[in-house]
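Presented below is the structure to which this report refers.
The values are calculated or read from the model by the stated rules, or taken from the named source; none is laboratory data. A quick note: this is a predicted structure, and the numbers were derived from the prediction, not measured. Don't worry about glycine lacking a Cβ; one is built from the backbone with ideal geometry, like all the others, and counts go over all protein chains shown.
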Amino acid sequence: MKFHLPGRFGSLMPDRAQVIVEWGCVLDQIELDLQLALSSAHGPLSGPREIWDPPADLPPMPAEVVDRVRNLVKQQGELLLQLESSRRKIRRHLQYLDANAAKGMTSGPLFIDIQS
């Protein structure tokens, strides 16, 4: 990381362009993970590619990436709503299966395919 001395304070600060690049890399990773989650929300369940930990040394967020971050937060919220809806549907299906199993409906076939 490159540093420069801003103004009269003389403290070392990361170069602004470098900060934007670092944030861009982090946001690229989050966007990729979000797209994978969105694409698998209706398909087979799969775990994350890897466990993600936020970088401990990430500098403060520059103004140049704020809109991108807001968009990601919005997309993550939409995904959470979609996953919650799917979870409720699955819960209803499982409750239906449990109720039918309690009635003994799983002990044999309910329908016979006569067209095969």
Q | Inter-residue pairs, beta-carbon under 9 Å, first under 17 Å from LYS74 (Cβ atoms) and in segment 28-41, second among the hydroxyl-bearing types (Ser, Thr, Tyr), 6+ apart | A | ALA41/SER86
**Q.** Count of segment 75-112 residues which are modelled with pLDDT under 70 and assigned to a loop (DSSP other than H, G, I, E, B)
**A.** 6
